[in-house]
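*Asks:* Handing you this structure, nothing more for now.
Values quoted throughout were computed directly from the atomic coordinates according to the rules given, and no laboratory measurement underlies them. Since the model is a prediction, treat every value here as computed from it, not as a measurement. All Cβ positions, even for glycine, are placed from backbone atoms using ideal geometry, and neighbour counts span all protein chains on display.
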Amino acid sequence: MKLLKNFKFKHRFVTTLLSLIMVCFLLCCFAYYFLINMVITKSRENSVQINQSYINTEADNTNQLIYQLHQSLTQLSYSRSILNMVFYTEYKDSNKNLAASDLALTVQNNLLIDSAILYLPEQQKVITSSHCVYPLQDYSEYSMIADYDNHAVNAVAYEDTEKISSLFFYSGDFIMARDFPLNGPGRLGTLFYKVNINEIYSRLTREIKSSSHIWVYDTYNLPVFAHIVAYPDFITRNVITAMESSGESYRMIKNSALFYSTSKLLGWKFIYEVDESALTPGGNALNLMLVPIIIMITAAILFIFLFITSGIYLPKQLGRLLKLTDGFNTPPDMEEEGLSQNEFEHLNQAFSRMAGQQTELKTTIDDISPDILSRLFLDLLSGVQKSQEDTKKALTLAHSSFEVNAFYMAGVLYCDGDLKQIESRRHYIQKELSALMDVYNQGHHSCSHILTADSRTFVIVLSFALTESLLYVIKEVSELESVIHTLSKNQEMGMRFQIGHIYYSILDIGFSYRNALDALPPQETGTLNTVSCDMVSPDAFSPDASSPDTVSVSPDERAEQILNLVMNQDIDNAYVLASRIITQVRESQNSLEQQREQYKSLMASLSKRISRLEYVDLSVIPNELLVFEDKMYKDADELAQQINTALNRTIDELHKMLKKQQNHFIIAAQDYISTNYSNPDLSLNFVAEAINVNPSYLSKLFKSSLGINFTEYISDYRVKCSMALLKETTMTLNDISVSSGFNSVQNYIRVFKKYAGMTPGQYRKN
């Protein structure tokens, strides 16, 4: 009644207020409708650009495949066996098997080629990649060769730097041919490729969605892949001709968007068919959202109107507002209590429910974090190249304690025994291994993650902070043996375990994984745990309890450990290791002669290993290392002092030599990169092996000398080389990316923009 009275007393106010509210409502609805249409239009424009770029790229990729075939055909034409068969008649009989082998090898190494043949017109013979020689009239493809020989096929010449190949279709087959000689009258021979057009089609369509299609037509507007897939009726010759003549790259026909691109190389027309609804993803959803938004605006305005005109505060109406706000039904106790509960309690309940939703969402994200981390490590272990930036983002998203730069190694655990038993217990094995590694991590200040490689194999990714001593890390890693022993005992199962080399970045974990796989002990050895690192701790040189008069580690291992420490510029620990070895030998119960023989073996092994370094002169080795055994020593202390002096001098001289060689290594690496930068497989290990230097050491040299890491240097060099091609040539972006060593044009554009601040296309226009 009070509300009705207010309407009577405030009629003029209510009328004015209602009019203003309705005007605001209509303006809000119009603005929202305009915004949705603007979003849909922009989304459609972006989608058109993306789809057009996609079909252009696929056309370029197909051109590249044909270019590869042309290169292969050109290379084969220079084969000695082929040239002898064509030009030197005295070699024809003796070389036919060699020529057939070259043809077969070419087909075997290229998935794009179904078969290859060499046609000799003067002899009317055909040599095939199946190691057969036929008279022309007995060959199954006689009609194709005869028509080509008589110029009865519509062959298109592909011209590139005056190396000419001919392309044509014959009875549904795609043929590439090359005549001998290239110039001049007459035809002494012809090489034919029957192209695997199924493979070309497969590569062309491998990334498209099921609702989309790519249709390819030749220069006569005839379907290229008609024997593989059925072509639609609505894409007629007239449609293709109209799009070609008008220069348009986009047209709508029968609820389908057709994106058009042509091949400059082949004259083929590429048409990418996309469903019209895909051009505006989410557009229908946005339109459907308009109705509830309008309803919500109407309800909100009505509430405000009632609240102002009534002049009173209504908890029930507030409860209805809360229903619209948080999407929850009013709790039963709220309905029962009615007005007995105040509005603040209602708000408290609403926000409590919202907080609960947020907590549940966070829990869901936390639940999938291990999957994100596992995906990252699986990619790295399989050799997928990732940037530091992308890796950091993945680690942050996974809420991981792993850092990009740290000591990293991978361990491979292989379970022996019955496969069915292992598969049935795999979950329990992984669960117990994770629990054991959690205890290990707490006691050793490390991080670990467990992955399943296959039914028998588990992978342990282990990390220590770079602030830790490397020798400490190696010592701690050796204690993993007890973890694996415990697991093997509890599971009553034979297990073999191997840890790979230590690396200094998460991006190199794949190398450690391959080290571990290569060094995994065979089953018959019965070895449970073997630790293999670039460097090992001096603590490994403890006397064998079962043999107190000997040192348990061989002289070769001792020498390798000292040399590795010096190579990695860890001079202080090299001194510590040398002193530890001498102390162990001195404190043993061996005779003076036995101790001298131990030192002699150590020094001989160290001299041998230093001599293998191509860049180190043997003159840096003190003479004491070569002649000390001929001297007479009054006691073990004098002998130990002599060997300590010799070891320290060797470490000092070798360290000085390595510092002098730093610039040499950098220059050698830069020269090798400048020659081989176009190779997409170029890596730190690749270059280090080529110039005969440790990969970790080379990585440190790049960072300390040039201020950037190895990967950044290669990327920067490739971008600079591509800039010259962009300015000085008319090559396509795809060709430039291949020539510059990038594995894809998309990756090239991303890296170029990172270094240059603009896309390659923008750089070429400037």
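*Asks:* Which whole-Hz couplings ³J(HN,Hα) result when phi for each residue of segment 473-480 is put into the Karplus expression 6.51 cos²θ - 1.76 cosθ + 1.60, θ = phi - 60°, listed in order with x for Gly and Pro?
*Replies:* 4, 5, 5, 5, 4, 4, 7, 5
*Asks:* Compute for segment 78-200: radius of gyration divided by Kirkwood radius, i.e. Rg/Rh, restricted to C-alpha atoms, rounded to two decimals. Walk me through the numbers before you get to the answer.
*Replies:* Working: Rg = 13.7 Å, Rh = 14.7 Å.
Rounded to two decimals, Rg over Rh is 0.93.
*Asks:* Once you put a point 7 Å from the Cα of Asp652 and another 7 Å from the Cα of Ser579, both along the Cβ direction, what distance in nm separates them?
*Replies:* With each label placed 7 Å out from Cα toward Cβ, I get 1.5 nm.
*Asks:* If you average the C-alpha positions of segment 488-520 and of segment 669-709 separately, how far apart do those two centres end up, in angstrom?
*Replies:* 26 Å
*Asks:* Translational diffusion coefficient of segment 401-531 at 37 °C, 0.692 mPa s, Stokes-Einstein with Kirkwood Rh over Cα pairs, in µm²/s as a whole number. Intermediate values should be presented prior to the final figure.
*Replies:* Working: Rh = 14.8 Å.
This corresponds to a translational diffusion coefficient of 222 µm²/s.
*Asks:* Could you list His399, His70 so that the one with the fewest beta carbons within 10 Å of its beta carbon is first and the one with the most is last? Before the final figure, lay out each step's value.
*Replies:* Values: His399 12, His70 21.
Least to most surrounded, the residues fall as His399, His70.
*Asks:* So, by mean Cβ neighbours within 10 angstrom, what's the order for 645-656, 241-252, 584-595 with the highest one leading?
*Replies:* Details: 645-656: 18.1, 241-252: 12.7, 584-595: 15.0.
Per-residue mean Cβ counts within 10 Å order the peptides as 645-656, 584-595, 241-252.
*Asks:* If one computes the Cα centroid of segment 374-417 and of segment 164-187, what distance in Å separates the two points?
*Replies:* 51 Å
*Asks:* Would you please classify the overall shape of segment 672-761 from the alpha carbon gyration tensor, given that a ≥ b ≥ c denote the square roots of the eigenvalues, rounded means a/c under 1.5, and beyond that prolate means a/b larger than b/c while oblate covers the rest? Intermediate values should be presented prior to the final figure.
*Replies:* Numbers: a/c = 2.52, a/b = 1.83, b/c = 1.37.
Prolate, because a/c is 1.5 or more and a/b exceeds b/c.
*Asks:* Can you sort Ile749, Ile113 from fewest to most other Cβ atoms within 10 Å of each residue's own Cβ? Mind showing how you got there, number by number?
*Replies:* Working: Ile749 16, Ile113 22.
Exposure proxy ranking, most exposed first: Ile749, Ile113.
*Asks:* Between Asn743 and Gln641, what is the FRET efficiency for a Förster distance of 51 Å, r being their Cβ-Cβ separation, to the nearest 0.05? Show your work: numbers first, answer last.
*Replies:* Numbers: r = 58 Å, r/R0 = 1.14.
Computed FRET efficiency for Asn743 and Gln641: 0.30.
*Asks:* Distance in nm between label sites at Ala756 and Lys264, each 7 Å beyond Cα in the beta-carbon direction?
*Replies:* 1.7 nm
*Asks:* Moving to a separate point now. State, to one decimal in nm, how far the label point of Asn692 lies from the label point of Glu587, with both points 7 Å from Cα in the Cβ direction.
*Replies:* Spacing of the two 7 Å Cα→Cβ label points: 4.0 nm.
*Asks:* If you take every residue apart from Val384 with its C-beta less than 12 Å away from the C-beta of Val384, what net charge results, scoring Lys and Arg +1 and Asp and Glu -1?
*Replies:* On the way: positive: Arg375, Lys386; negative: Asp379, Asp390.
My count for the surroundings of Val384 gives 0.
*Asks:* Moving on to the next point. Could you give me the ³J(HN,Hα) list for segment 495-501, computed from phi with Karplus coefficients 6.51, -1.76, 1.60 and θ = phi - 60°, whole Hz, x at Gly and Pro?
*Replies:* 9, 10, 9, 8, 10, x, 5
*Asks:* Return the Rg/Rh ratio of segment 433-480 with Cα-based radii and a Kirkwood Rh. Write out the running numbers ahead of the final one.
*Replies:* On the way: Rg = 11.6 Å, Rh = 11.5 Å.
Reported Rg/Rh, Kirkwood definition of Rh: 1.01.
*Asks:* Kindly flag which residue pairs out of Lys209/Lys269; Lys608/Lys634; Lys209/Lys264 have an alpha-carbon separation exceeding 23 Å in this structure.
*Replies:* On the way: Lys209/Lys269 20 Å; Lys608/Lys634 28 Å; Lys209/Lys264 26 Å.
Over 23 Å apart, Cα to Cα: Lys608/Lys634; Lys209/Lys264.
*Asks:* Moving on to the next point. Excluding same-chain pairs closer than 8 in sequence, count the lysine pairs in segment 674-765 whose Cα atoms lie under 22 Å apart.
*Replies:* Lysine pair count for segment 674-765: 10.
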